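Each remark here refers to the structure printed beneath this line.
Values in this text are rule-based calculations from the coordinates and carry no lab data. These figures come from a predicted structure and were not determined experimentally. Cβ coordinates were reconstructed from backbone atoms using ideal geometry, including for glycine residues, and neighbour counts include every protein chain displayed.
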2 protein chains.
Amino acid sequence: MKLYSYFRSSASYRVRIALALKGLPYEYAAVHLLRGGGQQHSEVYRDVNPEGLVPTLEDGAHTLTQSLAILEYLEELHPSPALLPSEAIDRAYVRSVAFQLACDVHPINNLRVLQYLSQTIGITDDQKTAWYRHWIDIGITSLEKKLEADRRVGLFVYGDSPTIADICLVPQVWNARRFQISLERYPTITRIAGNAMELDAFVQADPSKQPDAES
Amino acid sequence: MKLYSYFRSSASYRVRIALALKGLPYEYAAVHLLRGGGQQHSEVYRDVNPEGLVPTLEDGAHTLTQSLAILEYLEELHPSPALLPSEAIDRAYVRSVAFQLACDVHPINNLRVLQYLSQTIGITDDQKTAWYRHWIDIGITSLEKKLEADRRVGLFVYGDSPTIADICLVPQVWNARRFQISLERYPTITRIAGNAMELDAFVQADPSKQPDAES
């Protein structure tokens, strides 16, 4: 398999965690989202992924896009270790956490949105920081409340082993820390993220460990 | 089952289509997203859904949030008619289309984001319209290119019966039309949306047909 990835991309980070948890080897193809106006916009990359976003996973002759679709695909083809619970209602809960982060927090703070706000609307850096923090705060606050109230939470979002919910949570926590957002008010979330970082797969997938990492 | 819904909400619209396609009856609980500052922010509704977003589906004692997690849940418990293909690679393709719309287009143009742009950043109505059109245009253009190149496209995104991809596509097309965005440049997408509207389930789920519909 070949993964088109950018070290800081949350969506790429999710797929790296899943591949590491399942012990699947892959070739790393770096796509620099800033250099030269963004390599994701190049004609060569657009032929791989018409959306011009990372990640893309090539599995033999197949090209897969959208990190959450890739996670489900990996789960279906390589079911062990399982990244989803066995009962439908629990799967719905795990997916709802994953989608809450992947649909309602991440896309609003994505690079291209921040670029549009700066370059087209012309907001200041302070406004951009406030925007970023606002959406993380809203998303993480409601998620903390949801997790605190759910008896399925253990070492991880569901019980004591990681699922796609944790795979979405850890990159979001990484992003929050990168933007110096204090997570003290979110004890359940920080505890789960801390437990994840005890696992080698999460450490391997960390942005700092990637071939294209920059300080 | 009981569905907390707002007639114009794309995410609610998706779940309404799935329930109708699978022939599942439900009670409709209207949550007005604008009236009184937004009923989704009320304490009563926050107890149902801490995110303060629609839809929420109650299925007996279970409360489900996040439209795409609900679609997967309905598919697992009520597999006929199938809303996902049988092969993993085709499921990944269908999910990638669904997530492209649900993650990369819809959240950026969601009500609360538009409200923040107007009320906190103070952009003009023209800038808001330009923002809205920009993200739809980017998302729909790349999706059209993807669908044009994929031999799996038939009457619908995958073959000749609807999947979760069409369930996400139709509300997005409805939104684009609501904002007078011309879809002439997207013949595959408009053709598929037209085919969907030949089916009674898509017609029943249309915003105009809901108990809380306004003109």
(message) Springs between alpha-carbon pairs under 10 angstrom, Gaussian network model over chain A: which of A:200, A:126, A:137 fluctuates most?
(response) A:126
(message) Please give me, ordered by residue number, the chymotrypsin sites (Phe, Trp or Tyr not before Pro) of the stretch B:82-187 that lie in loop per DSSP and have at most 13 other Cβ atoms within 10 Å.
(response) B:179
(message) Distance between the C-alpha centers of the stretch B:167-201 and the stretch A:15-85? Whole Å please.
(response) 28 Å
(message) Checking a compactness column here: for the stretch B:44-124, what do you get for Rg(Cα) / (2.2 N^0.38 Å), N being the number of residues?
(response) 1.40
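Counting other Cβ atoms within 10 Å, keep those with at most 12, restrict to DSSP loop, and tell me which trypsin sites (Lys or Arg not before Pro) in the stretch B:58-166 are left.
B:151
Tell me, B:59, A:90, A:47 in order of fewest to most beta-carbon neighbours within 10 Å?
Numbers: B:59 19, A:90 15, A:47 10.
Taking fewest neighbouring Cβ atoms as first place, the list is A:47, A:90, B:59.
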(message) Between residue A:34 and residue A:134, what's the calculated FRET efficiency when r is the beta-carbon distance and R0 is 35 Å? Round to 0.05.
(response) 0.90
(message) Through the Karplus equation 6.51 cos²θ - 1.76 cosθ + 1.60, θ set to phi - 60°, convert the phi angles of the stretch B:34-46 into ³J(HN,Hα) values in whole Hz; use x for Gly and Pro.
(response) 10, 4, x, x, x, 5, 5, 8, 5, 4, 4, 6, 4
(message) Helix-only mean residue ellipticity at 222 nm, the protein assembly as shown, DSSP H runs n ≥ 4 weighted -39,500 (n - 2.57), per residue, nearest 500. What is it?
(response) -15500 deg cm²/dmol
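What size of dipole, in debye to the nearest 20, comes out for chain A about its Cα centre when the only charges are +1 on Lys and Arg C-beta atoms and -1 on Asp and Glu C-beta atoms? All intermediate terms of the calculation are to be shown ahead of the outcome.
Details: 21 positive and 26 negative charges, 85 e Å.
Roughly 400 debye for chain A.
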(request) For the protein assembly as shown, just the Cα atoms, rotate onto the principal axes and tell me the three extents in Å, largest first. (result) 54, 47, 46
(message) I need the P(r) histogram for the stretch A:2-81: all alpha carbon pairs, bin width 10 Å from 0 out to the longest distance, whole percents.
(response) 19, 55, 22, 4, 0
(message) Let me confirm one metric for peptide B:42-50, namely the mean number of other chain beta-carbon atoms within 10 Å of its residues' beta-carbons.
(response) 2
(request) Collect residues whose amide H, placed 1.01 Å from N in the peptide plane, falls under 5 Å from the amide H of residue B:29; neighbours closer than 5 in sequence don't count. (result) B:3, B:4, B:5
(request) Select from A:127, A:66, A:172 the residue whose mean-square fluctuation is largest in a Gaussian network model of chain A (Cα-Cα springs shorter than 10 Å). (result) A:127
(message) For the stretch B:2-81, give me the percentage of DSSP beta bridges that are antiparallel, rounded to the nearest 5 percent.
(response) 65 percent
(message) Going 7 Å from Cα along the Cα-Cβ axis for the label, what nanometre distances separate residue B:119 from the same residue across the other copies?
(response) 3.0
(request) Would you mind listing the distances between the residue B:161 label point and the same position in each other copy? Use 7 Å along Cα-to-C-beta, nm, one decimal, shortest first. (result) 3.4
(message) Check which residues have an amide H placed less than 5 Å from residue B:153's amide H, if you skip close sequence neighbours.
(response) B:159
(request) Treating cross-link reach as a plain straight distance, find the aspartates and glutamates whose alpha-carbon is under 13 Å from the alpha-carbon of residue B:209, omitting any fewer than eight places away in the same chain. (result) B:200
(message) Output needed: percent of Cα pairs per 5 Å distance bin for chain A, bins running from 0 to the one holding the longest distance.
(response) 1, 7, 15, 19, 20, 17, 11, 6, 2, 0
(message) Cut-off 10 angstrom, C-alpha nodes, Gaussian network model of chain A. Which of A:82, A:92, A:201 fluctuates the most?
(response) A:92
(request) Place the label 7 angstrom along Cα→C-beta at residue B:211 and in each other copy, then list the distances from the first to the rest in nm, shortest first. (result) 5.8
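Taking the stretch B:135-215, which GluC sites (Glu not before Pro) meet the DSSP loop condition and have no more than 14 other C-beta atoms within 10 Å? Let's see the in-between values first.
Details: sites: B:144, B:148, B:184, B:198, B:214; in loops: B:184, B:198, B:214.
Those that pass, being in a loop and sparsely packed, are B:184, B:198, B:214.
Let me know the volume per residue of the alpha-carbon convex hull for the stretch A:114-215, in Å³. Kindly include the intermediate steps, with their values, before the conclusion.
Numbers: hull volume 12.2 nm³, N = 102.
That works out to 119 Å³ per residue.
Quote the charge dipole size of the stretch B:2-81 about the Cα centre in Debye, to the nearest 20; the model charges only the Cβ of Lys and Arg (+1) and of Asp and Glu (-1).
Numbers: 7 positive and 9 negative charges, 79 e Å.
Dipole size: approximately 380 debye.
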